[in-house]
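Colleague: I'd like to ask some things about the structure below.
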Amino acid sequence: MATLKEKLSQIIPPLREEIRHLIQEYGKEVISEVTVAQAYGGMRGVKALVCDTSQVDNNRGLFIRGRHISELTGKRPEEILYLLLTGEFPDADALNDLTSELQRRATVPEYVWDVLRAMPPDSHPMTMFSAAILVLEKESIFKQQYHAGLKKEDFWIPTLEDALNLVARVPVLAAGIYRLRYQKGEIIPPDPQRDLGANLAHMMGVPDPNGEFANLMRLYLVIYCDHENGNVSAMTTHTVASALSNLYLAVSAGMNGLAGPLHGLAMEECLRWILMVKEKFGGVPTDEALHKFAWETLESGQVIPGYGHAVLRQTDPRFLAILEFGRRVCPEDEVFQLVEKTFKVVPPILIEQGKAKDPWPNVDAASGSLLWHFGVRELEYYTVLFGVARTLGVCSQAVISRAIGSPIVRPKSVTTQWIRETVTKKTAAV
Ligand code: HAX
């Protein structure tokens, strides 16, 4: 059996060699170009980042290390973490080893709870989550070893330590924030016998007589973990870590990006929209009434949360995974039924409106409805669970980046005057 660290020690040297060779032999080859519209348009479609943990296909959605997400939804988050980092599934021994490593590391010092308790009681849970990760920063192993003197080729080793500690600790933070922020009673410590997803469910204290909430948490940790490197939370984490800021600083920054309504907060906003519909119509409306209401949302200048995507151009397979879970567990739930109806009604409207390049649902369109079903009704909290999952991906990306010696991120910016002069000169020359 190779432990995770041993496996990484085997695969990192040939990966470094391959990248060195690619840069040496093909460093001047062009793989992308940038138009004026892309420079002003959030760099959409510009290929200027490298991410080996996952890839998003416009039509088929997320692949983790070449495996489509639909093949991975029955896996444990621990298996996915190993896959993200190494490109392979762990054997039974390696999985047990990683699971017990994470259980052993799931400790949160009391000073973190003190800071959280001192925050205003109406603080947004994502602010608490990001702050808690930042407060933990003094625990960084990378920071200690870097200051003690560390060779660049060994940067990945303490980064892996920080990554495993963070992956183990964020569920404890997230569940503790749930209990503190919503006065659910004492913080529930982790159970050293449970896996990541089951422990998260356990520590939140949500009644779970048949274990389905634990299954849902496992599913969320898998489907939300990674989505390439160009999304706001991943790219922010990567950019901050590229300055050799430790993972606590970097992941906290990434979470602040996740907290925006066009990114992870859509999970909360989407259910808010669904509940607004339910309240307005006193239940599940007819297709015609929902059609009219969706148009009213668009005409008032708002987006329909949970629909559209910067990269995807088809229904997000992660949305379908949640839908499948809901159809099995709570087909009678009115909120879930409304999510299904919205899936039927909204895409044709967005197509008719003709603005959104992707009229189909993304992962956030259904996830809140299942949390609601299990009694987690504090909408502002939802994105925190997304953040727990995203930590697996961004930490894995950071370990790989440190292993291959990624330099500090520093693209070139240009002024509007430069663009004007450059494009007009080109036009004049034609
Ligand atoms: N409802 C209404 N209008 C929409 C829309 C939606 N769901 N999605 C896109 N549009 C509009 C955009 O606002 C934009 O309008 P303007 O030209 O007036 O600015 C136009 O369609 C073109 O946008 P786009 O190119 O298709 O989309 P972007 O790549 O710029 O943005 C977003 C992608 C996901 C931000 C966008 O589709 C959106 O705002 N969706 C709703 C919020 C949401 O669900 N976010 C979560 C996305 C997944 C994620 O990151 N989860 O964390």
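What follows is calculated from the coordinates using simple rules that are stated; it is not laboratory data. Note that the structure is predicted; figures quoted are calculated from it, not measured. Heads up, the Cβs are rebuilt from the backbone with ideal geometry, glycines too, and the neighbour counts pull from every protein chain shown.
Colleague: With a bin width of 10 angstrom, please list the P(r) values of the chain as percents of all Cα-Cα pairs, from the 0 bin to the one holding the largest distance.
Modeller: 4, 21, 31, 25, 14, 5, 1, 0
Colleague: Just in the range 297-338: which GluC sites (Glu not before Pro) are loop by DSSP and have at most 15 other Cβ atoms within 10 Å? It would help to have the intermediate numbers written out before the result.
Modeller: On the way: sites: 299, 324, 332, 334; in loops: 332.
For GluC sites (Glu not before Pro) across the range 297-338 that sit outside H, G, I, E and B with at most 15 neighbouring Cβ atoms in 10 Å, the list reads 332.
Colleague: While we're on this one: To the nearest Å, what is the center-to-center distance of the range 276-309 and the range 346-362, using C-alpha atoms only?
Modeller: Measuring centre to centre over Cα atoms gives 13 Å.
Colleague: Once you put a point 7 Å from the Cα of residue 17 and another 7 Å from the Cα of residue 313, both along the Cβ direction, what distance in nm separates them?
Modeller: 3.9 nm
Colleague: Let me ask another. I'd like the GluC sites (Glu not before Pro) in the range 126-225 restricted to DSSP loop residues with at most 16 other Cβ atoms within 10 Å, sorted by number. Walk me through the numbers on the way to the answer.
Modeller: Numbers: sites: 137, 139, 153, 161, 186, 212; in loops: 186.
Loop-located and lightly packed - 186.
Colleague: Also, I was wondering about something else. Have a look at 229, 210, 256 and tell me which one the Gaussian network model of the chain (Cα, springs below 10 Å) gives the largest fluctuation.
Modeller: Most flexible of the set in this elastic network: 210.
Colleague: Considering only DSSP states other than H, G, I, E and B, which trypsin sites (Lys or Arg not before Pro) in the range 371-430 qualify as loop sites with at most 15 other Cβ atoms within 10 Å? Write down the numbers at each step before the final one.
Modeller: On the way: sites: 377, 390, 402, 412, 420, 425, 426; in loops: 377, 412.
For trypsin sites (Lys or Arg not before Pro) across the range 371-430 that sit outside H, G, I, E and B with at most 15 neighbouring Cβ atoms in 10 Å, the list reads 377, 412.
Colleague: Moving on to the next point. Short version: ³J(HN,Hα) in whole Hz for each residue of the range 244-256, in order, from phi by Karplus 6.51 cos²θ - 1.76 cosθ + 1.60 (θ = phi - 60°), x for Gly and Pro, what are they?
Modeller: Computed from phi, the couplings for the range 244-256 are 6, 4, 6, 5, 5, 5, 6, 5, 4, 4, x, 5, 5 Hz.
Colleague: What is the fewest-to-most order of 9, 245, 32 by other Cβ atoms lying within 10 Å of their Cβ? Mind showing how you got there, number by number?
Modeller: Working: 9 14, 245 19, 32 9.
By the 10 Å Cβ count, ascending, the order reads 32, 9, 245.
Colleague: Out of 239, 260, 294, whose Cα points farthest toward the positive end of the dipole of the range 213-334 (charges: +1 Lys, Arg; -1 Asp, Glu; placed on Cβ)?
Modeller: After comparing all options, I get 239.
Colleague: Okay, helix-only estimate at 222 nm for the chain: each DSSP H run of n ≥ 4 adds -39500 (n - 2.57), divide by all residues, round to 500 deg cm²/dmol; what do you get? The partial results should precede the final answer.
Modeller: Working: 19 runs with 258 residues, N = 430.
For the chain, the value works out to -19000 deg cm²/dmol.
Colleague: So which residue, out of 148, 48, 168, gets the largest mean-square fluctuation from a GNM of the chain using Cα contacts under 10 Å as springs?
Modeller: Maximum fluctuation in the GNM of the chain, among the listed residues, is at 148.
Colleague: Which entries in the list 28/152; 280/341; 355/425; 7/152 go over 27 Å, if you measure between the two C-alpha atoms of each?
Modeller: Working: 28/152 25 Å; 280/341 15 Å; 355/425 32 Å; 7/152 19 Å.
From the list (28/152; 280/341; 355/425; 7/152), the Cα-Cα distance tops 27 Å for 355/425.
Colleague: Averaging sequence separations of C-alpha pairs under 8 Å and six or more residues apart, then dividing by the length of the chain, give the relative contact order as a whole percent.
Modeller: Working: 603 pairs, mean separation 95.2, N = 430.
Value for the chain: 22 percent.
Colleague: What does the extension gain come out to for residue 91 and residue 127, with contour length at 0.36 nm per residue minus their alpha carbon separation? Show your work: numbers first, answer last.
Modeller: Values: separation 36, 0.36 × 36 = 12.96 nm, distance 3.77 nm.
Extra length available between residue 91 and residue 127 comes to 9.2 nm.
Colleague: In a GNM of the chain with a 10 Å cut-off on Cα contacts, which of 57, 114, 154 has the highest mean-square fluctuation?
Modeller: 114
Colleague: If you stretched the chain out fully between residue 34 and residue 424, how much longer would it get, using 0.36 nm times the residue separation minus the C-alpha to C-alpha distance? Don't jump to the answer; show the numbers that get you there.
Modeller: On the way: separation 390, 0.36 × 390 = 140.40 nm, distance 1.64 nm.
Difference between extended and current length: 138.8 nm.
Colleague: If you place +1 on the Cβ of every Lys and Arg and -1 on the Cβ of every Asp and Glu, how big does the dipole about the Cα centre of the range 56-159 come out, in debye to the nearest 20?
Modeller: On the way: 12 positive and 16 negative charges, 49 e Å.
With only Lys, Arg, Asp and Glu charged at Cβ, the dipole is about 240 debye.
Colleague: Which ordering of 329, 34 is given by a fewest-first count of other beta-carbon atoms within 10 Å? Show your work: numbers first, answer last.
Modeller: Numbers: 329 17, 34 14.
Ascending Cβ contact count within 10 Å gives the list 34, 329.
Colleague: Within 10 Å of each residue's Cβ, count the other Cβ atoms and sort 395, 51 from fewest upward.
Modeller: Working: 395 30, 51 20.
Exposure proxy ranking, most exposed first: 51, 395.
Colleague: Let's see if you can work this out: charge +1 on each Lys and Arg Cβ, -1 on each Asp and Glu Cβ, no other charges. What is the dipole magnitude of the range 270-349 about its Cα centre, in debye to the nearest 20?
Modeller: Working: 10 positive and 11 negative charges, 42 e Å.
Here the range 270-349 has a charge dipole of around 200 debye.
Colleague: Using only alpha carbon pairs under 8 Å that are at least six residues apart, calculate the relative contact order of the range 326-430 and give it in whole percent. If you can, show how the numbers build up before the last one.
Modeller: Details: 29 pairs, mean separation 20.7, N = 105.
It comes to 20 percent, rounded to a whole number.
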